Amino acid sequence: MTSQQIRKQFLDYFKEKGHLIVPSAPIVLKDDPTLMFSNSGMTQFKDYFLGYKQPKAPRIADTQKCLRVSGKHNDLDDVGRDTYHHTMFEMLGNWSFGDYFKKEAIAFAWELLTEVYKIPKENLYVTIFEGDASENLERDQDAYDYWKTHIDESRIINGNKKDNFWEMGESGPCGPCSEIHVDLRSEEEKALVPGIDLINNDHPQVVEIWNNVFMEFNRKADGSLEKLPSQHVDTGMGFERLCMALQGKKSNYDTDVFTPLIAKVEELSGKKYAGILEDEKDIAIRVVVDHIRAVAFAIADGQLPSNGGAGYVIRRILRRAISYSYRFLGMKEPFLFELVAVLKKEMGEFFPELVKQEKLVTEVIKEEETSFLKTIEHGLKRIDLIINETLSRNEKTLPGAEVFELYDTYGFPADLSRIIAEEKNLTVDEKGFDEEMEKQKQRSKKSSAQKVHDWVILEEKQEVFVGYDQTEAETYITRYRKIENKDGEFYQIVLSKSPFYPEGGGQIGDKGLLIPSYTEGFDIANPDVFDITNCSDVVEVLETRKENNLIVSLIKDLPKDAGAVFYAKVNTADRKNTQANHSVTHLLHEALREVLGTHVEQKGSFVGPDYLRFDFSHFSKMSEEELKLVEDKVNAKIKENIALQEFRNIPIAEALEKGAMALFGEKYGDTVRMIQFGTSRELCGGTHVKNTGEIGYFKIQNESSTAAGIRRIEAISGDKSAEYFQNLELQIKEISALLKSKDLAKSVEKLIEENATLKSEVEALKKEKAKGETANWKNDFVENGGKKLLVKKVSMDAGSVKDIVFQLKKEVENAVIIIISDADGKPMITVGVSQDLEAQYHAGNIVKDLAKEIQGGGGGNPGFATAGGKNLDGIENAYQKALAL
């Protein structure tokens with residue numbers, strides 16, 4: 001049975017049992033502050049469990065892309081070292097939202113595994129939650145009673161809280177669970193050790209394949225548990241492990257989920273995969289075929305590798321794969337990108353994003369490979385320097401701080417540093433490395449630490465967003481909570497009616513004011529006549545975000561009467577400019593597709609009151625002509641004064657039928673909001689102008705690359721575009737006055753010509769001066785044993801110093817020349833070594849040692865090297881150190 005058939009059979013079975021089959025949600029999460037990635041099948045249904053949203057159906061089944069490489073659920077270090085852990089994996093799941101519970105879930109699982117998939121019953125074991133006295137949780141007797149109607153009681157095992165109480169994270173829905181384990185060992189092995197003794201003991205052939213979670217509780221921020229409004233079922237079956245069991249394999253990597261990828265790696269690398277756990281070559285191949293899936297799906301869902309957040313995680317996974325292939329497969333050129341086509345062929349039927357985004361994914365991975373391979377080459381040179389310095393001190397241990405710097409600053413893998421050190425019979429100061437790592441963790445923790453208290457519920461109410469139609473509203477606080485972070489103490493509040501737009505879809509959240517009804521002199525029925533200046537009761541809304549389907553506004557201090565009626569007022573000046581920038585991104589998107597082609601798709605955006613940023617898929621730099629054409633097309637639409645057409649809560653199928661753009665990586669519900677300006681139609685939740693004329697004017701300020709196949713346009717509109725032209729006009733007037741000319745182009749051209757002539761004259765004078773200095777300095781060499789040393793402190797530019805050093809190298813034999821200069825207020829060290837001394841004295845090593853005194857760095861070859869620095873006060877120390885040579 002192929003993996004495609006196994007997946008299809010699962011979905012068909014639950015469809016027959018009345019489950020709605022839904023597609024996988026994106027692997028990258030954009031609207032959940034607690035998670036970067038979907039780390040389980042239940043992530044996309046969290047709002048259903050918490051009661052924030054109504055599910056599409058009471059019974060649902062799917063296969064969900066998951067990633068476990070950060071936070072509580074982190075399998076990265078196990079990947080490649082065993083047969084069954086993965087970064088990205090598929091989770092087959094069936095869900096009940098207040099419908100069936102333990103009895104039916106257990107019966108479904110048993111029937112599917114034993115009757116449909118035909119797994120021998122004697123190979124299966126189940127676990128149940130044994131209870132936990134510290135949390136007043138009793139043994140899951142119901143699960144035990146239901147299981148014993150299907151399986152012998154001797155195969156039902158009590159499990160502790162760690163193994164049999166499932167929690168998504170530090171807070172959120174949770175509950176006892178019942179795992180199903182399969183024993184895939186040979187009969188001879190089973191006779192030697194009973195399978196029951198190997199459950200949850202990391203045996204590669206006795207593995208958990210299915211977990212049935214019975215969601216009964218919500219873990220609150222203070223660690224306590226509260227009952228959920230309804231009982232739910234959340235199950236997850238590891239697709240890769242299921243394939244291993246059904247295809248009779250001993251490893252997930254031997255199934256057809258991975259064998260096509262492994263075959264391609266063998267073809268490209270010339271290395272054969274033997275499946276040996278301890279073999280570094282085989283570990284590397286497992287790492288590569290696992291990691292390419294995680295990286296490809298993340299990029300297809302819109303997460304590009306970067307230096308922060310989720311993007312950093314993806315870059316780290318990719319670099320781990322590159323590092324393993326470089327070290328153990330001998331792959332010194334990019335090749336991982338060639339695996340994307342194989343992945344698309346094998347999984348594209350169920351995951352169309354791989355088909356749609358193949359070119360983008362391929363190009364991004366190729367560029368990342370090319371860049372990191374250069375980093376590895378640079379790192380190899382740097383580690384050689386560290387090794388040489390260590391040996392010169394007659395030491396055998398590389399400084400941990402320097403190895404950490406190589407890892408942290410340059411991205412050079414620490415384990416690669418260790419391997420290279422071992423080859424030279426050296427070790428790494430692991431204690432020093434760990435200390436630096438801990439310092440970094442503490443810095444990171446300090447900068448991001450936030451304590452979030454539990455919600456104080458003032459009224460259980462369905463909150464309403466009215467911001468599409470109103471920028472002011474009479475409202476009250478339904479809940480609030482205190483948060484503490486590096487910036488101090490704040491409060492988050494939820495309003496019964498909120499006009500504040502929450503950050504989303506690239507648009508920043510609204511700011512504004514809350515005026516309490518108890519404010520002296522304030523009439524809530526006539527709010528516009530009230531002067532808020534110097535009124536201490538008025539509360540400033542600092543930002544607005546969306547969390548778990550709640551619109552959450554941030555304030556500094558809680559009002560003295562949190563239960564009062566308030567008048568909420570959006571900062572309309574910022575809102576006006578922000579929505580102009582948002583509406584123009586829609587026009588820009590359409591214009592880019594018209595000018596560059598329909599391959600253009602939005603890949604990210606930022607929309608604020610001052611400017612907009614728009615990322616899109618395109619594989620070359622835009623020409624000036626293309627940029628002008630796009631700008632002209634957008635401004636033509638603005639001049640047409642096209643009225644906004646807004647379609648709220650329409651079925652997504654209807655919106656797509658009308659031609660709305662749906663973006664890969666976005667999570668859409670059954671009903672959506674469509675924004676239309678003429679022929680521009682997009683699914684969008686943001687705020688917009690009533691007609692394009694309100695935008696005023698659109699001006700592109702910059703076009704650049706953010707990653708392979710991704711371009712970025714930065715632009716302005718509305719008030720900011722008017723300011724831009726006003727400032728431009730003012731600058732032109734000032735320049736005209738300075739040049740005493742109205743023909744600016746002609747005047748500037750004349751200045752350039754004059755400047756070029758003067759520069760030429762200055763260079764000629766410098767060369768003449770350098771010749772004179774060369775003649776003078778030849779008499780200043782100090783000789784010792786036939787070798788000559790010249791050390792000088794000067795105030796000369798780098799070019800002149802270089803000319804002198806090269807001239808002296810030609811004219812003086814057996815010479816070392818060291819010039820320390822402070823031109824332009826910056827210290828500079830230049831070292832030249834004549835050819836006959838290069839075997840004894842290396843200019844690059846000399847300059848690197850001296851540069852420490854000026855807090856700088858640099859390098860070069862044995863004959864010539866330079867270094868710049870920051871510390872002018874260190875020049876004298878560098879001079880004395882040079883004299884000692």
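Among the residues of the range 525-554, write down those that are in a strand (DSSP E or B) and in contact (Cβ under 8 Å) with a residue 40 or more places away in the chain. 541, 543, 544, 545, 546, 547, 550, 551, 552, 553, 554, listed by residue number. Being touching a residue at least 40 places away in the same chain (Cβ under 8 Å) and either crowded, with 17+ Cβ neighbours inside 10 Å or among the acidic types (Asp, Glu) (or both): is that true of residue 432 here? Answer is no for this residue.
Starting from the range 1-28, keep only residues that are over 18 Å from residue 95 (Cβ atoms), then list their pairs with residues that are polar (S, T, N, Q) whose Cβ atoms are within a distance under 7 Å, requiring at least 6 positions of separation or different chains. Pairs found: 1/247; 3/255; 27/38; 28/303. When the residues of the range 76-119 are filtered to those that are at positive phi and in contact (Cβ under 8 Å) with a residue 40 or more places away in the chain, the one that is surrounded by the fewest Cβ atoms within 10 Å (Cβ to Cβ) is 98. The single condition from (1) closer than 21 Å to residue 85 by Cβ; (2) touching a residue at least 12 places away in the same chain (Cβ under 8 Å); (3) surrounded by fewer than 16 Cβ atoms within 10 Å (Cβ to Cβ) that residue 201 fails is (2). Among the residues of this structure, residue 290 counts as one that is crowded, with 18+ Cβ neighbours inside 10 Å and under 30 Å from residue 615 (Cβ atoms). Inspect the range 832-846 for any residue being buried (at least 19 other Cβ atoms within 10 Å of the Cβ), assigned by TED's automatic domain parsing to the domain that holds residue 871 and part of a strand (DSSP E or B) and give the result as yes or no. Yes, that holds for at least one residue.
Of the residues making up the range 770-793, those that are part of a helix (DSSP H, G or I) and not polar (S, T, N, Q) number 8.
The rows are residues; the columns are (1) in a loop (DSSP other than H, G, I, E, B); (2) at pLDDT below 90.
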| site | (1), (2) |
| --- | --- |
| 4 | no, no |
| 10 | no, no |
| 23 | yes, no |
| 30 | yes, yes |
| 35 | yes, yes |
| 40 | yes, yes |
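Among the residues of the range 692-715, those that are among the acidic types (Asp, Glu) and part of a strand (DSSP E or B) comprise 703, 714.
Could you look through the range 374-398, keep only residues that are more than 37 Å from the chain's Cα centre (by Cα) and not in a helix (DSSP H, G or I), and pick out the one that is surrounded by the fewest Cβ atoms within 10 Å (Cβ to Cβ)? Filtering first and then ranking leaves 394. Going residue by residue through the range 43-65, is there one that turns out to be charged (D, E, K, R), free of Cβ contacts under 8 Å to residues at least 12 places away in the same chain and surrounded by fewer than 17 Cβ atoms within 10 Å (Cβ to Cβ)? The answer is no, given that none of the residues of the range 43-65 is charged (D, E, K, R), free of Cβ contacts under 8 Å to residues at least 12 places away in the same chain and surrounded by fewer than 17 Cβ atoms within 10 Å (Cβ to Cβ). Selection over the range 277-303 of residues that are without any contact (Cβ under 8 Å) to a residue 60 or more places away in the chain, in a helix (DSSP H, G or I) and over 18 Å from residue 256 (Cα atoms) gives a count of 2. The residues on offer are 541, 494, and the sole one that is in the same structural domain as residue 554 (by TED's automatic domain parsing), among the hydrophobic types (A, V, I, L, M, F, W, C) and more than 26 Å from residue 54 (Cβ to Cβ) is 541. For the range 784-799, what are the residues that are among the charged types (D, E, K, R) and modelled with pLDDT under 90? Across the range 784-799, the qualifying residue is only 797.
When residues in the range 131-155 are screened for being surrounded by 19 or more Cβ atoms within 10 Å (Cβ to Cβ) and under 15 Å from residue 199 (Cα atoms), 1 of them pass. Residues considered: 522, 606, 566. Of these, the only one that is modelled with pLDDT under 90 and either within 30 Å of residue 710 (Cβ to Cβ) or not in a helix (DSSP H, G or I) (or both) is 522.
With respect to the conditions (1) of a type outside the set (Lys, Arg); (2) modelled with pLDDT under 95; (3) closer than 20 Å to residue 294 by Cβ, residue 399 falls short on a single one, namely (3).
Yes/no matrix, rows are residues, columns are (1) surrounded by 11 or more Cβ atoms within 10 Å (Cβ to Cβ); (2) at pLDDT below 90; (3) more than 24 Å from residue 882 (Cβ to Cβ):
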{"residue": "727", "(1), (2), (3)": "no, no, yes"}
{"residue": "730", "(1), (2), (3)": "no, no, yes"}
{"residue": "740", "(1), (2), (3)": "no, yes, yes"}
{"residue": "778", "(1), (2), (3)": "yes, yes, no"}
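Take the residues in the range 573-603 that are at pLDDT 95 or above and hydroxyl-bearing (Ser, Thr, Tyr); name whichever of them is surrounded by the most Cβ atoms within 10 Å (Cβ to Cβ). Among those that are at pLDDT 95 or above and hydroxyl-bearing (Ser, Thr, Tyr), it is 583.
For the range 477-513: of the residues being buried (at least 19 other Cβ atoms within 10 Å of the Cβ) and either β-branched (Val, Ile, Thr) or without any contact (Cβ under 8 Å) to a residue 12 or more places away in the chain (or both), which is nearest to residue 573 (Cα to Cα)? Within the range 477-513, the match that is nearest to residue 573 (Cα to Cα) is 508. In the range 55-84, the qualifying residues are those that are at pLDDT below 85 and outside any strand (DSSP E or B), and the one that is farthest from the chain's Cα centre (by Cα) is 84.
The values are calculated or read from the model by the stated rules, or taken from the named source; none is laboratory data. Remember, it's a predicted structure, so these values are computed and weren't measured experimentally. Please note: Cβ atoms are built from the backbone with ideal geometry, for glycine as well, and neighbour counts cover all protein chains shown.
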